[in-house]
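Derivation of every value follows stated rules applied to the coordinates shown; laboratory data play no part. The structure presented is a predicted model; accordingly, all values stated were derived computationally and were not measured. Positions of Cβ are generated from backbone atoms using ideal geometry, with glycine treated the same way; all protein chains shown enter the neighbour counts.
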Amino acid sequence: MRAGEELPPLEIPVTRTLIVAGALASRDYQDVHHDPELARQKGSPDIFMNILTTNGLVGRYVTDHFGPTAVLRRVAIRLGAPNHPGDTMVLTGTVEQVDGDTATVRVAGANALGHHVTGTVTVTVPPAAPSGGAG
């Protein structure tokens, strides 16, 4: 892990199921995350993803890159353009800073409307244990 390292992009198809399941899993029962008609009445063209689902996807993106021992220390994100069913969000990231076993990663997620999410993630990756074994 080094400053300037780019994480490979991750394309996430934004399905109606992903939006609704993420809202339910995070106990966010706001109608704009599951009821298309009520979302339209409130000015949105359709339901849209909640911030907790986005937060989880950003965390998964970073930990998937750094491996199963990675520990999220801080996730600071800001939402922009909404994720609607049928969108594809593409997450990208760049390691901004490394201090020992801790890195700060700048993350962005974009869809056809623009940036859905921007922010930083601080992650600790403990050093790999020496592999033991008979030799």
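Express in whole angstrom the spacing between the alpha-carbon centres of segment 61-135 and segment 1-59. One Cα centre to the other: 16 Å.
Here is the list for segment 34-135: trypsin sites (Lys or Arg not before Pro) lying in DSSP coil, each with at most 14 other C-beta atoms within 10 angstrom of its C-beta, are 42. Of the listed values [x] 55; [y] 49; [z] 45, grab the one calculated as percent of Cα pairs over 20 Å apart from the structure here. Looking at percent of Cα pairs over 20 Å apart for this model, the match is [y]. When shorter helices are ignored and each DSSP H run of at least 4 residues is given -39500 (n - 2.57), the per-residue value for the chain at 222 nm works out to -7000 deg cm²/dmol.
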